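Visitor: Once you've had a glance at the structure underneath, I'll fire off some questions.
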Amino acid sequence: MSTETLTPAGPLVHLNDLVPRPSFLLSWENKRRNVHWAIEMIAEGTGTFFYTYAGIGSTATWICGTILDVAGLGSLFQVGIAYAIGVIMSLAVCLSTSMGHFNPGFTIHAILYKKCTPWKGLRMIIAQIIGAYIACMLAYIQYKNLLIPAEEVLRAKGAYDKQMFTAQGPAGVFALYVTPTDNFAYVFLNEFVCDVVIALVAFACMEPTNFLCPPTMMPWIIAFSYAVVIWGYSPAGLAANSARDVGGRLAALTIWGKQASGGRYAAISALTNIPATLLASIFYETVFNDGSRTITPAYYDWIVSMRAQRCYVKNGGAMYDESDGLSYNSTPELKPISRGGSQA
């Protein structure tokens, strides 16, 4: 078998072969494919929305509960779990459409490795930031009945100026802050190391020869790598995702104005994960990866299915041929199933 031609291990069964889609959806799919770049942007924005929305809600519970002195409302453990589940939701829902970057660091990595054009990468990064911004603004509206009283409590205690724009204040739900007395060199190191750890795990999970991490396990392992660094190192200052940080910062600026800018730390939180991700890629490729390894059956099936979808669209549902990069000589005999559940 050549490296250009893939042979499926079993029948290639498209959804339309077995469960025909309604005609109006088929018509819409054909139109949608002409603007697939926009669909990819929506997927990237939605994926980043899930990740941010899950984490922001849990953070709001924790911070508001602490300020309002309501016991049992949130914890650092809950925040880590929420972000982890948000990662799983993002990958499960959106990965098949946009390949699941949801992080400018990984998008820039894809651009540099020629897996993504610069123009496409720019669109995806913009979509990621917009997704995070929408998540933050929705969370603000949903939590306004707790955030406003929390601000009033801080004013009543005379702690508004000192705490409002910190990780322990209401603005800290959306934007990331450190205290003015923190050493920025230590904060940068904390962010950089955590981002390298996350990226190393992600690259290992995306590696098609990794038998310990089939595609179905990838969302879970990446998610818990996020949870680990949040549990262990977020108190020292952690963003881990430029889109989540910039989207959250823009939301805080929209709500509270320039005083929510974050000062010099804003640059560290917004940019550090990009070089950290690139360094992790170089380290993984030069130290851990090896071209002599064999691709796992699960990953091979995934690659074949993605190529089959592209060929199906190109050929209008016709048979594959060698020019498509798929070696497959027979079509399974299938009886389409009606939407009601009976066979047609």
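The values are calculated or read from the model by the stated rules, or taken from the named source; none is laboratory data. Just so you know, these numbers come straight off a predicted model, no measurement behind them. Note: ideal-geometry Cβ built from the backbone for every residue, glycine included; neighbour counts use all protein chains shown. The area values use the complete protein model at the heavy-atom level, side chains included, leaving out ligands, DNA and RNA. Shrake-Rupley method; radii C 1.70, N 1.55, O 1.52, S 1.80 Å.
Visitor: What number comes out for the charge environment of Asp182, summing +1 per Lys or Arg and -1 per Asp or Glu over other residues with Cβ under 13 Å away?
Guide: On the way: positive: Arg264; negative: Glu191.
Net of charged neighbours comes to 0.
Visitor: May I ask you to evaluate 6.51 cos²θ - 1.76 cosθ + 1.60, the Karplus curve with θ = phi - 60°, for each residue of region 85-99 and list the ³J(HN,Hα) values in order in whole Hz, giving x for glycine and proline?
Guide: 5, x, 4, 4, 4, 4, 5, 5, 8, 10, 4, 5, 8, 10, 6
Visitor: Based solely on its DSSP helices, what 222 nm [θ] is calculated for the chain when runs of n ≥ 4 H residues each add -39,500 (n - 2.57) and the sum is averaged over all residues, nearest 500 deg cm²/dmol? Kindly include the intermediate steps, with their values, before the conclusion.
Guide: Values: 14 runs with 212 residues, N = 344.
Mean residue ellipticity at 222 nm (helix-derived): -20000 deg cm²/dmol.
Visitor: In whole percent, how big is the carbon plus sulfur part of the accessible area of the chain, probe 1.4 Å, protein atoms only? Mind showing how you got there, number by number?
Guide: Numbers: 11450 of 17710 Å².
Ligands and nucleic acids excluded, carbon and sulfur reach 65 percent.
Visitor: Dividing the convex hull volume of the Cα atoms of region 28-86 by its residue count, what figure in Å³ per residue is obtained?
Guide: Working: hull volume 5.1 nm³, N = 59.
In region 28-86, the Cα convex hull volume per residue is 87 Å³.
Visitor: Something else about it: Tell me the relative contact order for the chain as a rounded percent, counting alpha carbon contacts under 8 Å between residues six or more apart.
Guide: On the way: 465 pairs, mean separation 87.6, N = 344.
Value for the chain: 25 percent.
Visitor: To test your reading of the geometry: what angle, between 0 and 90 degrees and rounded to tens, separates the Cα axis of helix 297-315 from the longest principal axis of the chain?
Guide: The answer is roughly 70 degrees.
Visitor: In angstroms, what radius of gyration and Dmax does the chain have, counting Cα atoms only?
Guide: In Å, with Rg to one decimal and Dmax whole: 23.0, 76.
Visitor: Right, here's the next one. To the nearest 10 degrees, how steep is helix 36-67 against the longest Cα principal axis of the chain, on a 0 to 90 scale?
Guide: Around 30 degrees separate the two axes.
Visitor: How do 191-197, 202-208, 304-310 rank on mean C-beta neighbours within 10 Å, highest first? Each step should come with its number before you reach the end.
Guide: Numbers: 191-197: 21.1, 202-208: 19.6, 304-310: 15.7.
Per-residue mean Cβ counts within 10 Å order the peptides as 191-197, 202-208, 304-310.
Visitor: Hey, another quick one. State the dimensionless ratio Rg/Rh of region 173-280 (Rg: radius of gyration of Cα atoms; Rh: Kirkwood radius).
Guide: Details: Rg = 15.2 Å, Rh = 14.7 Å.
Here Rg/Rh amounts to 1.04.
Visitor: Within 13 Å, Cβ to Cβ, of Tyr51, how many net charges do the neighbouring residues add up to if Lys/Arg are +1 and Asp/Glu are -1? Don't skip to the end; give the middle numbers.
Guide: Numbers: positive: Arg244; negative: Glu44, Asp245.
Cβ neighbours under 13 Å give a net charge of -1.
Visitor: Can I ask one more? Calculate, in whole percent, how much of the Cα-Cα pair population of region 67-107 lies beyond 15 Å. All intermediate terms of the calculation are to be shown ahead of the outcome.
Guide: On the way: 472 of 820 pairs.
The calculated P(r) of region 67-107 puts 58 percent of pairs beyond 15 Å.
Visitor: How many Å² of accessible area per residue for the chain, probe 1.4 Å? Before the final figure, lay out each step's value.
Guide: On the way: 17710 Å² over 344 residues.
Accessible surface, normalised per residue, equals 51 Å².
Visitor: Within the set of other residues whose C-beta is less than 12 Å from the C-beta of Arg123, count the net charge using Lys and Arg as +1 and Asp and Glu as -1.
Guide: Values: positive: Lys120; negative: Glu40, Glu44.
Taking every Cβ under 12 Å from that of Arg123, the sum is -1.
Visitor: Now for a different question. What FRET efficiency do you get for Lys157 and Thr181 if R0 is 22 Å and r is their Cβ-Cβ distance, rounded to the nearest 0.05?
Guide: Values: r = 20 Å, r/R0 = 0.93.
About 0.60, to the nearest 0.05.
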